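Student: Dumping the structure here so I can ask a few things about it.
The values are calculated or read from the model by the stated rules, or taken from the named source; none is laboratory data. Quick caveat: nothing in here was measured; it's all calculated off a predicted structure. We place every Cβ from the backbone using ideal geometry, glycine too, and count neighbours over all the protein chains shown. All accessible areas refer to the heavy atoms of the entire protein, side chains included, with ligands and DNA or RNA removed. Shrake-Rupley method; radii C 1.70, N 1.55, O 1.52, S 1.80 Å.
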Amino acid sequence: MVKHLYLMRHGETLFNVYRRIQGWCDSPLTEKGINQAKLARTYLKDIPFDHYYCSSSERACDTLEIVTEGKVPYTRLKGLKECYFGVFEGQSEDLNPPFDKYDTVFPIYGGESGDQLKKRMMDTLTEVMEKEDHQIVLAVSHIGASSNFARLVDPTCITEKFSNCEALHFTYEDGKFAFVEKLKLPKTTD
């Protein structure tokens, strides 16, 4: 039987605005981030989710609670957290190396490698989707974690920026994920 996973990025945060490297460190949603989550609620309202998960980071939990209006139980999973950037956590994004150099920089300074992040996300999401009663799942995570997972499933699936509160739709069948589509939020004026 084909199952469905919707992997959504959290709403905009204060560190997104201040251009801070935000992995395991956390910052609150901005007013725009709250509005993005409300818009995602409207956008996702017709999908009959049966289970809800999110990263243990506050920004992901807050996003999920807004999307569901706090009316459903959900499970926080550390396996859905963003990449850990070591000593770069909370520092200016100006210190970010080019994307193709992440694995040669961050692990040297105590951070995770892309392979570690991909394995963690794949293991976590596979365990979730293997549960018998999980047919249509919404999981809220982060840009790096979600993008790395998506590229592991299908290296060509993300060709443009993965914005706050956008979701990636995957199917899951016979132990394998397949990319279906990226659900883009309508543009807002805020």
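Student: What does the charge add up to near THR104, with Lys and Arg as +1, Asp and Glu as -1, over the other residues with Cβ less than 15 Å from its Cβ? Walk me through the intermediate numbers first.
Tutor: Values: positive: LYS101; negative: ASP100, ASP103, GLU112, ASP115.
Within the 15 Å Cβ shell, the charges total -3.
Student: Also: When only DSSP loop residues count, what GluC sites (Glu not before Pro) in the range 108-190 have their Cβ near at most 16 other Cβ atoms within 10 Å? Spell out each step's value before the answer.
Tutor: Working: sites: GLU112, GLU127, GLU130, GLU132, GLU160, GLU166, GLU173, GLU181; in loops: GLU112, GLU130, GLU132, GLU160, GLU166.
Sparse-neighbourhood loop GluC sites (Glu not before Pro): GLU130, GLU132, GLU160.
Student: Going through the cross-link list LYS38/LYS131; LYS3/LYS118; LYS101/LYS131; LYS71/LYS131, which pairs have a Cα-Cα distance over 32 Å in this structure? Write down the numbers at each step before the final one.
Tutor: Details: LYS38/LYS131 29 Å; LYS3/LYS118 21 Å; LYS101/LYS131 36 Å; LYS71/LYS131 22 Å.
Check vs 32 Å cut-off fails for LYS101/LYS131.
Student: Next question. Run the numbers for ASN96 and GLU160: contour at 0.36 nm per residue of separation, minus the present Cα-Cα distance, in nm.
Tutor: My answer for the length gained is 21.1 nm.
Student: Accessible area per residue, 1.4 Å probe, Å², for the range 108-190: what's the number? If you can, show how the numbers build up before the last one.
Tutor: Values: 4160 Å² over 83 residues.
Heavy-atom SASA per residue in the range 108-190 reads 50 Å².
Student: Which whole-number percent is the relative contact order of the chain (Cα, under 8 Å, 6+ apart)?
Tutor: Computed over the chain, the figure is 33 percent.
Student: By per-residue mean of other Cβ atoms within 10 Å, what is the highest-first order of 147-156, 85-94, 61-70?
Tutor: So the peptides 147-156, 85-94, 61-70, ranked by packing, come out 61-70, 147-156, 85-94.
Student: Now for a separate question. When averaged across all projection directions, what area in nm² does the alpha-carbon convex hull of the range 1-116 cover?
Tutor: Projected area, direction-averaged: 8.5 nm².
Student: Select from the chain the helices, each a whole stretch of DSSP H, whose alpha-carbon atoms run 27 Å or more along the helix axis and whose Kyte-Doolittle mean is at least -0.5; answer none if there are none.
Tutor: none
Student: In addition: Which net charge results for the neighbourhood of TYR43, defined as the other residues with beta-carbon distances under 11 angstrom from its beta-carbon, given Lys and Arg at +1 and Asp and Glu at -1?
Tutor: Result for the neighbourhood of TYR43: +2.
Student: Got a sec? What order do TYR109, TYR74 fall in by accessible area at 1.4 Å, biggest, i.e. largest, first?
Tutor: Per-residue accessible area, sorted high to low, gives TYR109, TYR74.
Student: Please calculate how many Å² of accessible area the range 12-70 carries per residue, with a 1.4 Å probe and no DNA, RNA or ligand atoms counted.
Tutor: Averaged over the residues of the range 12-70, the accessible area is 46 Å².
Student: On the accessible surface of the chain, probed at 1.4 Å, how many percent belong to carbon and sulfur atoms?
Tutor: Values: 4980 of 9550 Å².
Answer for the chain is 52 percent, counting heavy atoms of protein chains only.
Student: Counting only protein chains, not ligands or nucleic acids, how are THR42, THR171, THR75 ordered by accessible area (probe 1.4 Å), most first? Could the numbers behind the result be given before it?
Tutor: Values: THR42 85, THR171 30, THR75 60 Å².
The most accessible residue leads, giving THR42, THR75, THR171.
Student: Restricting the count to DSSP beta bridges whose residues both fall in the chain, what percent are antiparallel, rounded to a multiple of 5? Don't jump to the answer; show the numbers that get you there.
Tutor: Values: 15 of 28 bridges.
Taking every DSSP beta bridge with both residues in the chain, the antiparallel ones total about 55 percent.
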